[in-house]
Structure formats: structure tokens, C-alpha cells
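Report on the structure given below.
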Amino acid sequence: MIELRTPAEIEQMKAAGTFVASVLEATRDAAAVGVNLLELDALAHRMIRERGATSCYIDYHPSFGASPFGKVLCTSVNDAALHGLPFDYRLRDGDLLTVDFAAEVDGWVADSAVSLVVGTPRDEDLKLIDTVDRALEAGIAQATVGNRIGDISSAIGDVARAAGLSVNLDFGGHGVGREMHGDPHIPNDGRPKRGLPLRPGLVFAIEPWFMLGTDRIYTDRDGWTLRSADGSRAAHAEHTVAVTEDGPVVLTARSS
Ligand code: MG
């Protein structure tokens, strides 16, 4: 079901967006060579408690998950593309890390992700991160009244194609509101002028994620982490966006 939010509700949702952004900033700033993924998760958990927020991940147990997620962050390293389950791993020089975080504040959810390199970056990793960031910006720019979901999807797919990357359509953007995942689904590629018309009050996560060498994934033995089929690296960028009469509003915009 597609739900539309009033301008007052979108105002309320900004608290969740600001909090999610602050957790991504803090975990991004803490991520460094030698830091354990479990320390990043603990940092986010502390911030959740201090804010009186609720994690969307810790009890998350969809049909494709082996058991409840049990952590508050997704930390996807190198060939891990999505849903990286934090484990006892110290980040190494040159690791490509994606942190994905969703939380509920005052009854509203926000969802966002950022990719970065710890230590010395490889050029191709910086390029991949730049590509997902640009795809996210291109998608957000299409989130205007009168456009359709396909305009967002095709803008994302165009950026991938121009970078020589193929797109996996198994996971994409999604409605965000009282729950983390709702309608509409927003594939990371598609045809312009097709799909649901965008109306004021639609709130959704736009989340391009691309892999350097393939569009195929498999599930790690941990039952959660999705890795590239060929071991190539992956990056992911995500914001929660509201469609308004005044254009797209990025609820999870980071101040740095
Ligand atoms: Mg997310």
C-alpha cells in the first residue's frame, strides 16, 4: 500500500532523518584501520540508547534472513554488497566499507547508507563510491511531483551504465514511514515515464548499490551478508527522501 504523508508528518520525520544522519557521521568518522566492526555497532547502539530511538535492524527477521539480525548496523566490507552482518573483524588498510543504518524516532523511520575507504584508497574504489553517490544524486533529482518511479530508476541506471557497471535488480529503494520497508519498490534501473506517478507526501529510500565486476550476488554463510558473485568490491549510497510540492527533501542529509 502506498501511503502519503502530510507536510506536518514530513516535518516530524525529520527527527528520525537527522538522527540517522548523525549515526552515519559518527560511525564513518570512527571507521579507521584497526577498528573492529563490532565497535562501530556498539557506537551506534550507544547513540540509539542516548537518543531514545529504536533500531529497525536488531529484531529484523524477514523470510530471507536466517535468524533475527541481532545488530543495529549493516557493515558491508569489500565484496560484501548489502546487509553486512557486523562480526569480529578489524578494518584493514584500503578496506571499502558501507555502513547502512535505519532507526525509528518518535514513531517514524529513516534509512540511509554511506560508503567509504579506510586508510589508503584504491582509485577504482573511489570511482565506484563516486558512481553510487552520483547515482543517488541523479535519482533524488528525479523525485519531483509529476515524474514517475521509472524516472528515478532510469536516472540511477544511466549513471551505472555510463560507468560501465551492470545493475542488480533484486534489491532497491523502498517506501519508508512507520515501518522500514513499504511500497513503492524503486528498482535501480528502469524505463523513464513508467511506473507510479510521484505525488506530494511520498517518502521513500533511494539506494543505488553497484559492484565492480558483476551484477550477481550470493548469501554468505552468516545467513545475511550478500556478497558479489565474483569477489569484486561493492558500494552503496542511500537517503530517505520526501516528495514535496517544493521538490525532493532529503530527510537523512548529513551536515558533513
Ligand atoms: Mg538502508
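Summing charges over neighbours of Thr75, with a neighbour being any other residue whose Cβ is under 11 Å away from its Cβ, gives -3 when K and R count +1 and D and E count -1. Volume of the convex hull of segment 189-256 (Cα atoms only), normalised per residue: 155 Å³. Rg then Dmax, both in Å and based on the Cα atoms of segment 122-200: 13.0, 41.
Per residue of the chain, what 222 nm ellipticity follows from adding -39500 (n - 2.57) for every DSSP H run with n ≥ 4, rounded to the nearest 500? Here the helix-only value at 222 nm equals -9500 deg cm²/dmol.
If Lys and Arg each add +1 and Asp and Glu each add -1, what is the summed charge of the other residues whose beta carbon sits under 12 Å from the beta carbon of Pro121? Neighbourhood net charge equals -3.
Values of log10 I(q)/I(0) for segment 10-120 across q = 0.15, 0.17 Å⁻¹ run -0.60, -0.76, by the Debye formula with one identical scatterer at each alpha carbon and no solvent.
Diagonalising the gyration tensor over the Cα atoms of segment 36-185 and scaling each eigenvalue by 5 before taking the square root yields semi-axes of 26, 23, 13 Å, largest first. Descending by average beta-carbon neighbour count within 10 Å, the peptides 61-68, 1-8, 191-198 line up as 191-198, 1-8, 61-68, the highest first. Expressed as a fraction of 2.2 N^0.38 Å, the C-alpha radius of gyration for segment 118-256 is 1.05.
Ratio of Rg to Rh for the chain: 0.94 [Cα atoms; Kirkwood radius as inverse mean 1/r over pairs].
Among the aspartates and glutamates, which have Cα under 16 Å from the Cα of Lys127 when same-chain residues fewer than 8 positions away are ignored? By straight Cα distance, Lys127 reaches Asp79, Asp95, Glu137, Asp158.
Each value in this text was obtained by applying a stated rule to the coordinates, not by laboratory testing. Bear in mind the structure is a predicted one, so any value in this text is a computation, not a measurement. All Cβ positions, even for glycine, are placed from backbone atoms using ideal geometry, and neighbour counts span all protein chains on display.
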